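Before I ask anything, here is the structure I am working with.
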Amino acid sequence: MVEILCNRPITLCLAYKSPNATDVQISELTSVIEDLANVDNLIILGDFNCPDIDWQSLTAGSQFSTRFCDLLYNHNLAQLVISPTHVKGNTLDLVITNSEDIFNNIWVDPDHNIYSDHYQVHFSIAASKPSKPTNSRYALVYDYTKADFDRMCSSLMDHNFADFLQSEDIDDLWFYLKSVIREAVDKYVPQVRISNSNSPKWFTPDIRHCINRLRHRRRKNRKKPSNVVQFSIANDERVLQEKINVAIPLWLIGS
């Protein structure tokens, strides 16, 4: 496990599950993931040997894979690789995170696997060099009124998209396009400091977890609508509202 120190510290963990892993080894692996789940900006990489998981619907056939899907869902962890990463057409090599927003691009390269029967998985993350501590009452935002749009457009027009446009995976293409645009924005749009509005005092970690879980279900329903998921969304919305209704009075009493 490696902690990358930058403006937003990132914890990187490498893992491997053998196809013949024992119950003890599986238990140790799931325990480590559970312990790390609440670490900010967590990235877990590795070959988990779960070819039976459908990452679009988060369903599986084997007992371990089903438990693994439940583990990721219950801890609001996202698995970002949806293309095959093995010559047999299986998605074995995974990128798991609790911070999807730090990923600019993720794609699988099936053409450079000379030394392995696994494909290379590429991704980039939004990280920068450490900076001096800033006043938490303020935040940096882009000032598009002072952007150099001419140079930005020129830079994007000159960018070579040919190699990446060969991919037929729309998600890979979207991640790549976002990364190119973000780099152009960082380069040609200045930033200004504005007042940073904090979350309400009654906004508890439990409420945040409920919101993240609700967002996950909504994303899942957009990709593959189903009555079961829609029922779960309605239930999550009810639970979230109940927790808010309880949290606000408790905060008012204690304040």
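Send over the Kirkwood Rh of the range 1-96, from the inverse of the averaged 1/r over different Cα pairs, rounded to one decimal Å.
Kirkwood hydrodynamic radius for the range 1-96: 13.9 Å.
Could you identify which residue out of S83, S57, S65 has the top mean-square fluctuation in a GNM of the chain using Cα springs shorter than 10 Å?
So, out of S83, S57, S65, the one fluctuating most is S57.
Got a sec? Charge dipole of the chain, +1 on Cβ for Lys and Arg, -1 for Asp and Glu; which of T145, N98, Q79 is way out at the positive end?
T145
Okay, next question. Based on the Kirkwood radius over alpha-carbon pairs, what is the Stokes-Einstein translational diffusion coefficient of the range 209-255 at 25 °C with 0.890 mPa s viscosity, in µm²/s?
D, rounded to a whole number, is 211 µm²/s.
Here is a follow-up. I'd like the distance separating the alpha-carbon centroids of the range 213-253 and the range 21-49, in whole Å.
Answer, in whole Å: 26.
My understanding is that a pair violates if its Cα-Cα distance is over 26 Å; which of K146/K178; K220/K243; K88/K178; K178/K220 do that in this structure?
Going by Cα-Cα distance, K88/K178 fall outside the 26 Å limit.
E34 to S154: FRET efficiency via 1/(1 + (r/R0)^6), r the Cβ-Cβ distance, R0 35 Å, to the nearest 0.05?
Result of the calculation: an efficiency of 0.10.
How much length is gained on full extension from V141 to D54, taking 0.36 nm per residue of separation minus their Cα-Cα distance?
27.5 nm
Indicate the gyration tensor shape class of the chain (rounded, prolate or oblate), computed on the Cα atoms with a ≥ b ≥ c the square roots of the eigenvalues: a/c under 1.5 is rounded; otherwise a/b larger than b/c is prolate and the rest oblate.
Cα axes put the chain in the oblate bin.
Same structure, new question: Would you kindly state the longest site-free stretch of the chain, with sites defined as chymotrypsin sites (Phe, Trp or Tyr not before Pro) in a DSSP loop (not H, G, I, E, B) surrounded by at most 12 other Cβ atoms within 10 Å?
1-114
Here's a follow-up. In the chain, which longest range has no trypsin sites (Lys or Arg not before Pro) that are both DSSP loop (not H, G, I, E or B) and surrounded by at most 13 other Cβ atoms within 10 Å?
For trypsin sites (Lys or Arg not before Pro) (loop position, at most 13 other Cβ atoms within 10 Å), the longest site-free span of the chain is 1-87.
Ranking I53, I102 by Cβ neighbours within 10 Å, fewest first, what do you get?
The most exposed by this proxy come first: I102, I53.
Read-outs throughout are calculated quantities, based only on the coordinates presented, and are distinct from any laboratory measurement. This one's a predicted model, so the numbers in the text were calculated from it and none came from an experiment. Virtual Cβ from ideal backbone geometry, glycine too; neighbours counted across all protein chains shown.
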